[in-house]
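Everything below concerns the one structure shown next.
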Amino acid sequence: ELSLERLGDDFDLVHFVAALRSNVTVKHVCFSGTFVRELQDEQWRLMLQSIGQLQTLEELQIWCSTIPTAVFAETIRHAQTLQKVYFFRVGLDGSQAEFDALAAAIQRHPRLRDVRIGGFHITNDHEQNANRQQPPEDIRLDGVVQALAQAPGLEVVSLQLSSAQQRVPVGNDAVRQLMKSKTITDLYLSRLGLGEDHLTVISQGLAVNETLRVLDLFGNNIENHHVIAMANALALNNSVEILVLPCPADDLSVASCAAISEALKKNQKLTTLNLPRSNLTDEGISHLAQGLTVNKTLKKVEVGVSKTVGDTGIHALMDMLEHNYELERLVVSSANQSIKEKTEYYMRLNEVGRGNLLNASGKAASREQWVEMLISVIEDLDCLFYFINANPTLCQFANLPQTASVIITEEIKVARRHTLSGYPTSSKPLLDDLDEGANLQFTPGTRRASAI
């Protein structure tokens, strides 16, 4: 691993570049923004070009820097072992021809499988400095996005704009190609300023895609009719496990919640559903709770609940939690504290495996399983009470009256057995092997006191 943070006083770029080109061990390279800013433009271009000469390079990270697209395209062409590219808060600088050259390098790369470019913006500073009299070129990324869709081994694609750029310069066809990819499993298209046509293409692709595992659309300007289209597609999809949908500006409508609910009743693959920044009311919660009650595969759900939600919504939510044993994490952001506490309580119950005991479709749990469960939650009185309330017979024991208020979790064996027939009710002298503080009453005629 080679992490370049700061330049030393005696840094010799020529010797360093020569060392890079002959190195056969470095697999991971990370450039910090501080390091890059200390280089002159030509030095940075030479450094990036040299990284492509590493014979064993597998991962390249660049932080908080401006990346010359033409040089990066050359790096991609030479680094035939490169598998992962992670850029964070970067400017991609180049002309349209240079971006097209980058697209060609990506499309032909044999090993590339993970490309994440987060918080990026497009610049054309080099071209503008050379041609100050000409207007700035309108750069399009259609070729780059299509190349990502067609790269033979690419599995993960993450694209996210910085605040400096409001909308990604990509057309519908390029996005359609991403949704048609036979290799991409994780697709993150957050904060790209996707428009009406983009979202329509994505929902159409979601309905038929068979390879996507993750689809994240957070931060895009989505409308309720898009949410409904996504939900209808989700009902048909058999591959997506994680779905993140942004909340419309006017919040999730009742129709959107109903569509999501119907999708959850049919979909048996989804494990995580995030609806961040939503603000559901009673009717919306009631619809969503119906789907969550039926669904048996979801493990993690994030929704926003209005602080003014009424009894109808709260009862629907609590009833769903009572019957859903599969959820592991339910985040109800914006809800009042009592709802959050009740939700966390049910998540603790699911975490310890209450479904293994209470699932009606499975084999009845044995007494030993119940006892093990009690022991596992002994520090959580709320959970302890829940299981005792679910199975009151745990408070009974064969050798004690039916009304005894004790829970037997462990057998205590003494060294000797005593015959108690004919002894009086109080048999204190016989308890020499038990704790001195024991206070048991034996009934005449009982045969042994060998175990409790």
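The values are calculated or read from the model by the stated rules, or taken from the named source; none is laboratory data. Note that the structure is a prediction, hence the values are computed from the model and not measured. Here Cβ is always computed from backbone atoms with ideal geometry, including for glycine, and neighbour counts include all displayed protein chains. Heads up: the accessible areas ignore ligands, DNA and RNA and are worked out on the full protein's heavy atoms, side chains in. Shrake-Rupley method; radii C 1.70, N 1.55, O 1.52, S 1.80 Å.
Taking the 1.4 Å solvent-accessible surface of the range 142-209 as the whole, the part contributed by carbon and sulfur is 46%. Here Lys27 is the anchor, and the aspartates and glutamates within straight C-alpha reach of less than 20 Å, apart from those fewer than 8 places off in the same chain, are Glu1, Glu5, Glu58, Glu59, Glu74, Asp114, Glu155. If a spin label sat at a point 7 angstrom from the Cα of Asp251 along the line to its beta carbon, the backbone N atoms of the range 317-343 nearer than 16 Å would be those of 332-336. Remark: accessible surface ordering of Phe35, Phe88 (largest first) is Phe88, Phe35, probe radius 1.4 Å. Placing a label point 7 Å from the Cα of Val208 along the Cα-to-Cβ line, the residues of the range 155-195 whose backbone N sits under 14 Å from it are 176-182. Only one residue of His225, Gly119, Gly193 has its Cα farthest out toward the positive end of the dipole of the range 106-237, where Lys and Arg carry +1 and Asp and Glu -1 on Cβ, and that residue is Gly119.
Charged neighbours of Val14, selected by a Cβ distance under 15 Å, balance to -1 (K, R count +1; D, E count -1).
FRET efficiency for the pair Arg37 and His78, taken as 1/(1 + (r/R0)^6) with r the Cβ-Cβ distance and R0 = 30 Å, rounds to 0.75. For Thr271, the accessible area of its heavy atoms, probed at 1.4 Å with every protein chain present, is near 40 square angstrom. Let me make sure I get this right: for the range 181-286, a, b and c are the square roots of the gyration tensor eigenvalues over alpha carbons, sorted descending. Under 1.5 in a/c it's rounded, otherwise prolate if a/b > b/c, else oblate. Which is it? In terms of gyration-tensor shape, oblate.
Counting heavy atoms of the protein chains only and a 1.4 Å probe, report the per residue accessible area for the range 1-74 as a whole number of Å². Value returned for the range 1-74: 52 Å² of accessible area per residue. Taking Lys and Arg as +1 and Asp and Glu as -1, the other residues whose beta-carbon sits under 11 Å from that of Val201 total -1. Taking 7 Å steps out from each Cα toward its Cβ at Met318 and Ile388 produces label points 2.1 nm apart.
Highest-first packing order for the peptide set 365-372, 151-158 is 151-158, 365-372, based on the mean count of other beta carbon atoms within 10 Å. Across the protein chains, with a 1.4 Å probe defining accessible surface, the residues Ile67, Ile228 rank Ile228, Ile67 from largest area downward.
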